[in-house]
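Here is the structure we will look at, set down as structure tokens.
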Amino acid sequence: MELITGQSVYYTNKEHLPVEDVAASLLALKAIIEATPEVLEKIAPGLHIQSVSVYVNEVRAGSLWEDLVVKFLWGSQENLTKNVEELRGSLKVDSLIENKLLVGCIIGALVMAGGIYLLNKLNGTKEQKEPLQNNLSVVINIGAQLAGVSEDQFSAAIHNAIKSKPSLTKEAVKVVRPAKREAGTSIVLNHDGASQIGNKAIQAMPLAVPGDDEEELIDDYQEVEIQIRAIDLDSTKRGWAAVVPSVNPKRAKMHLDPHIKLSDLLGKEFVTGDITVISKYDESGKKIPTLIFLRDVRK
């Protein structure tokens, strides 16, 4: 009734990552993996996978490591046996699906193809798309060799999957987002450096999907300079506004922690403090602060 493989995804980040980025990347990776049967069925005509389930085996912090168990399911053992036997002469179904590197190539290719699809919608330039296209071509070449099909056939299966489910572009952005937090970071699938999503491709990926109702992003900053732009002596939540130049030059509303004394702020254009910034992505994919929460003022 099932064939099982595993997938490991390694982000080469040196800094710790926010929990929300890790959680979002895991859910997005699940959505990308759930699209792999469509690609497998295209490169192995006659293959019929009923569904795919994804389970977490291990998540390690530091440089982010996500280790997953992937189960490709058929309706019954009889259906699986029949499907395997039908294709045994031309392509071994069990070998095809249990091949971690092949499934990893499909995942990486879907992520990068999703980025290219999104850049096309954003009228991205040839120079913007080139790093993604170059990296994608390498992964398609490797995937085609592993599957025993032509590069054109493998490429068509990848692009058809993206076109049939454009929502995958949103998931592709979320898979890559943790790696975009640091320069020089790459994403390695199944310890296979040859088919990794490289740093140039990662930097070329858009930050967000235009018009998408993105959930709020939360970031903490310690000992940053805050420029106070508006005050309200009667409230800690209304009338305050500030700019944090090191984070974003855009002015945003500011709330104060109840323990903060107004005397620490009055008459000062700049203060140093610890803050939490809530942001969203705008239509162009830029991260824009919507609220600054001043947690503490440094003396």
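Could you pull out the residue among ILE187, ILE158, ILE162 that is over 15 Å from ALA35 (Cβ atoms), at pLDDT 90 or above and open to solvent by less than 40 Å² (accessible area, probe 1.4 Å)?
Values: ILE158 fails: over 15 Å from ALA35 (Cβ atoms); ILE162 fails: over 15 Å from ALA35 (Cβ atoms).
Result: ILE187 is the single residue among ILE187, ILE158, ILE162 that is over 15 Å from ALA35 (Cβ atoms), at pLDDT 90 or above and open to solvent by less than 40 Å² (accessible area, probe 1.4 Å).
Being closer than 18 Å to ALA172 by Cβ and without any contact (Cβ under 8 Å) to a residue 60 or more places away in the chain is the filter here, so list the residues in region 1-53 that pass it.
ALA23, LEU26, LYS30, GLU34, PRO37, VAL52
Pick from region 34-60 the residues that are within 24 Å of PRO166 (Cβ to Cβ) and assigned to a strand (DSSP E or B): which of them is modelled with the lowest pLDDT?
SER51
Looking at region 244-254, can you tell me whether even one residue there is basic (Lys, Arg), farther than 26 Å from ALA24 by Cβ and in contact with a Gly (Cβ under 8 Å, 6 or more places away or on another chain)?
no
Exactly one condition in (1) in contact with a Leu (Cβ under 8 Å, 6 or more places away or on another chain); (2) of a type in the set (Gly, Ala, Ser); (3) farther than 30 Å from LEU47 by Cα is not met by ALA179; state its number.
(1) is the only condition that ALA179 fails.
Pairs please, first residue from region 259-281 and closer than 21 Å to ASP219 by Cα, second anywhere and open to solvent by less than 80 Å² (accessible area, probe 1.4 Å) and small (Gly, Ala, Ser), Cβ atoms under 6 Å, 6+ apart in sequence or on different chains.
Sorted first by the residue in region 259-281, then by its partner, the pairs are TYR281/ALA208.
Kindly check whether there is at least one residue in region 249-258 that is in a loop (DSSP other than H, G, I, E, B) and over 28 Å from the mean Cα position of the chain (by Cα).
yes
Pick from LYS200, LYS170, LYS163: which is closer than 24 Å to LEU68 by Cβ and not in a strand (DSSP E or B)?
Numbers: LYS200 fails: closer than 24 Å to LEU68 by Cβ; LYS163 fails: closer than 24 Å to LEU68 by Cβ.
Of LYS200, LYS170, LYS163, the one residue that is closer than 24 Å to LEU68 by Cβ and not in a strand (DSSP E or B) is LYS170.
List the pairs whose first member sits in region 152-176 and is farther than 15 Å from LYS121 by Cα, whose second member is open to solvent by 60 Å² or more (accessible area, probe 1.4 Å), and whose Cβ atoms are under 6 Å apart, counting only residues at least 6 apart or on separate chains?
Close Cβ pairs (under 6 Å, with a partner that is open to solvent by 60 Å² or more (accessible area, probe 1.4 Å)) amount to ALA157/LYS42; ALA161/GLU38.
Need the failing condition index for PRO206 against (1) surrounded by fewer than 15 Cβ atoms within 10 Å (Cβ to Cβ); (2) outside any strand (DSSP E or B); (3) not hydrophobic (A, V, I, L, M, F, W, C), just the number.
(1)
Looking at (1) under 21 Å from VAL277 (Cβ atoms); (2) modelled with pLDDT of 90 or more; (3) open to solvent by less than 20 Å² (accessible area, probe 1.4 Å); (4) among the small types (Gly, Ala, Ser), can you tell me which one ALA230 breaks?
(3)
Residues of region 205-222 being more than 13 Å from the chain's Cα centre (by Cα) and at pLDDT 90 or above, which ones?
TYR221, GLN222
Open to solvent by less than 70 Å² (accessible area, probe 1.4 Å), in a loop (DSSP other than H, G, I, E, B) and in contact with a helix residue (DSSP H, G or I) (Cβ under 7 Å, 6 or more places away or on another chain): is that true of GLY143 in this structure?
Spelling it out, it is not the case that GLY143 is open to solvent by less than 70 Å² (accessible area, probe 1.4 Å), in a loop (DSSP other than H, G, I, E, B) and in contact with a helix residue (DSSP H, G or I) (Cβ under 7 Å, 6 or more places away or on another chain).
Quick one: which of LYS180, LYS174 is at pLDDT 90 or above and open to solvent by less than 50 Å² (accessible area, probe 1.4 Å)? Walk me through how you get there before you give the answer.
Numbers: LYS180 fails: at pLDDT 90 or above.
Every option except LYS174 fails the conditions.
Can you tell me which residue is farthest from ARG177 (Cα to Cα) among those in region 259-281 that are open to solvent by 40 Å² or more (accessible area, probe 1.4 Å) and assigned to a strand (DSSP E or B)? Break it down into steps so the answer makes sense when it comes.
We begin by selecting, within region 259-281, every residue open to solvent by 40 Å² or more (accessible area, probe 1.4 Å); these are 259, 261-263, 266-270, 272, 280.
Going one step further and asking which of them are assigned to a strand (DSSP E or B), we end up with 270, 272, 280.
Values: PHE270: 32, THR272: 29, LYS280: 14 Å.
This residue is PHE270.
The values are calculated or read from the model by the stated rules, or taken from the named source; none is laboratory data. As the structure is a prediction and not an experimental result, all values here were calculated from the model. So basically every Cβ, Gly included, is an ideal-geometry build from the backbone, and we count neighbours across all protein chains shown. To get the accessible areas, we keep the full protein, side chains included, count just its heavy atoms, and leave off ligands, DNA and RNA. Shrake-Rupley method; radii C 1.70, N 1.55, O 1.52, S 1.80 Å.
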